[in-house]
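Peer 1: Quick one: the structure is below, questions incoming.
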Amino acid sequence: MKRIINLIYSMKIGFIGLGIMGSAMASNLLKSGHKLFVYNRTKEKAEELLKQGAVWKDSPATLAREIDVLFTMLEDPIAVESLALGTDGFLNEMKKGSIWVDSSTVNPSFSKKMSEKAIAKSIRFLDAPVSGSKVPAEKGELLFLVGGDKIVMEEVQPLFDLMGQNAVHIGDHGKGSAMKIMINQLLGQSMLAFSESLSLGMAMGLEKKMAMDFLLKTPVTAPILEVFRARIEDENYEPNFPLKHLQKDLHLFTDTAFELNKAVPLTNAAKEIYAQAKQKGMADMDFSSIFKFINE
Ligand code: NAP
């Protein structure tokens, strides 16, 4: 056991993508005493981590040469692909046998494509998107949904434990991403359906707080909506999970349905409603602001 712990602490870790989620996750790795190398497109977002002892690298490529395990937490497949395979990308520079864990929310076919690119370079790959938002990320309470080789997952498990309360092996490459886009499809739909119901309730003369209290106690609402009650009540839409990312996830879901020749009419409709909210300037508000959009 002691040998495994020593082995883990001798591992050099890289983290690319220091937005809302990545900065909190990286901070939890640092707090545990790991040597952490970081890169982000916008360097200012790394300042806090650098004060805590992280080491800055000027490009994904220079970071890749240092590390044994790399985490990426980037906006979407375009960002992941450009930092992995573009100019100064990390994939060509990682050591043979090292591990790349992509925690970004991306589509399953993209995760499979990245796993193939990685394997071709003798890099081991996991798709490990997370369930949980800014606060669970800060508290180290995320849930990792892991696709890929279970043995590789077991090797990374001590690091998952520092950032999350659980890591579940969902299946082979792409299955973690598959489970993640299913979760966010339900999250987006639940919030939208609730918003439409509440908005009409208010138009029918029901008091907002009373209607919310009542609806949230009934079994017909999703339990997760309770988390967003205060935001809707106080109309405070500071972003924990930006609306543009939820719309992106619905897009990943509909894109996947297209690839698999499946019709997903409800998700397509929901995606367009979030797109309209984005067009109205709500892209960087929390996704729960869809209530504000529906109710105006
Ligand atoms: P965020 O704060 O917007 O951070 C996005 C990150 O991606 C930043 O580091 C950003 O760099 C980088 N990025 C975006 N486009 C890029 C590009 N073209 N080239 C290079 N870097 C690029 O987002 P987040 O909330 O941390 O989310 C990160 C991922 O986790 C997303 O896939 C999201 O769907 C997923 N997720 C989010 C939550 C949540 O509640 N927030 C929960 C679960 C999963 P800059 O700093 O330079 O912009």
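Peer 1: So what's the back-of-envelope 222 nm ellipticity for the chain, counting only DSSP H runs of four-plus at -39500 (n - 2.57) apiece and dividing by all residues, rounded to 500?
Peer 2: Values: 14 runs with 158 residues, N = 296.
Taking each H run of at least 4 residues, the total per residue is -16500 deg cm²/dmol.
Peer 1: Just by accessible area at a 1.4 angstrom probe, what is the order of Arg65, Arg229, Arg124 from largest to smallest?
Peer 2: Numbers: Arg65 125, Arg229 50, Arg124 75 Å².
Descending accessible area places them as Arg65, Arg124, Arg229.
Peer 1: Please compute the contact order of the chain in relative form: average sequence separation of alpha-carbon pairs under 8 Å and at least six residues apart, divided by the residue count, as a percent.
Peer 2: Values: 538 pairs, mean separation 39.7, N = 296.
For the chain, the relative contact order is 13 percent.
Peer 1: For the chain, modelled as a GNM with alpha-carbon contacts under 10 angstrom, which of Gly205, Gly53, Gly188 fluctuates the most?
Peer 2: Gly205
Peer 1: Here is a further query. Ranked highest first by average number of other Cβ atoms within 10 Å, how do 246-255, 87-96, 137-146, 154-163 line up? The partial results should precede the final answer.
Peer 2: On the way: 246-255: 22.8, 87-96: 17.3, 137-146: 21.1, 154-163: 19.0.
Descending packing order for the listed peptides: 246-255, 137-146, 154-163, 87-96.
Peer 1: Along the three principal axes, how long is the chain when you take its alpha carbons, biggest first, rounded to the nearest angstrom?
Peer 2: On the principal axes, the chain reaches 64, 44, 36 Å in Cα extent.
Peer 1: Let me ask another. For the Cα atoms of the chain, what angle does the longest principal axis make with the long axis of helix 108-120, in degrees from 0 to 90, nearest 10?
Peer 2: Relative to the chain, helix 108-120 is tipped by roughly 0 degrees.
Peer 1: Using a 1.4 Å probe on the protein chains only, how many percent of the accessible area of segment 179-295 belongs to carbon and sulfur? Show your work: numbers first, answer last.
Peer 2: Values: 3820 of 6240 Å².
Result for segment 179-295: 61 percent of the exposed heavy-atom area is carbon or sulfur.
Peer 1: Here's something else I'd like to know. Can you give me the accessible area per residue for segment 80-211, using a 1.4 Å probe, in Å²?
Peer 2: Heavy-atom accessible area per residue stands at 43 Å².
Peer 1: On to the next question. Could you state, as a whole-number percent, how many of the C-alpha pairs of segment 179-295 are farther apart than 23 Å?
Peer 2: The calculated P(r) of segment 179-295 puts 28 percent of pairs beyond 23 Å.
Peer 1: By how many degrees, 0 to 90 and rounded to 10, does the Cα axis of helix 150-163 deviate from the longest principal axis of the chain?
Peer 2: 70
Peer 1: What ³J(HN,Hα) values, in whole Hz, does the Karplus curve 6.51 cos²θ - 1.76 cosθ + 1.60 give for segment 178-195 when θ = phi - 60°, with x put for Gly and Pro?
Peer 2: 4, 5, 5, 6, 5, 4, 6, 4, 5, 4, x, 5, 4, 5, 5, 4, 5, 4
Peer 1: Okay, next question. Give me the dipole magnitude in Debye, nearest 20, for segment 218-296 about the Cα centre, with unit charges on the beta carbon: positive for Lys and Arg, negative for Asp and Glu.
Peer 2: The dipole of segment 218-296 has a size of about 220 debye.
Peer 1: Past the 30 Å Cα-Cα mark, which pairs from Lys51/Lys175; Lys134/Lys262; Lys51/Lys280; Lys134/Lys217; Lys35/Lys278?
Peer 2: Pairs exceeding 30 Å: Lys51/Lys175; Lys134/Lys262; Lys51/Lys280; Lys35/Lys278.
Peer 1: Take the alpha carbon atoms of segment 2-172, find their radius of gyration, then divide it by 2.2 N^0.38 Å using N residues; give the quotient.
Peer 2: 0.92
Peer 1: Radius of gyration and Dmax for segment 86-241's Cα atoms, expressed in Å?
Peer 2: Computed over the Cα atoms of segment 86-241, radius of gyration and Dmax are 19.7, 65 Å.
The values are calculated or read from the model by the stated rules, or taken from the named source; none is laboratory data. Quantities reported herein were computed from a predicted structural model and do not represent experimental measurements. Here Cβ is always computed from backbone atoms with ideal geometry, including for glycine, and neighbour counts include all displayed protein chains. Areas reflect the complete protein model, heavy atoms only, side chains present, ligands, DNA and RNA absent. Shrake-Rupley method; radii C 1.70, N 1.55, O 1.52, S 1.80 Å.
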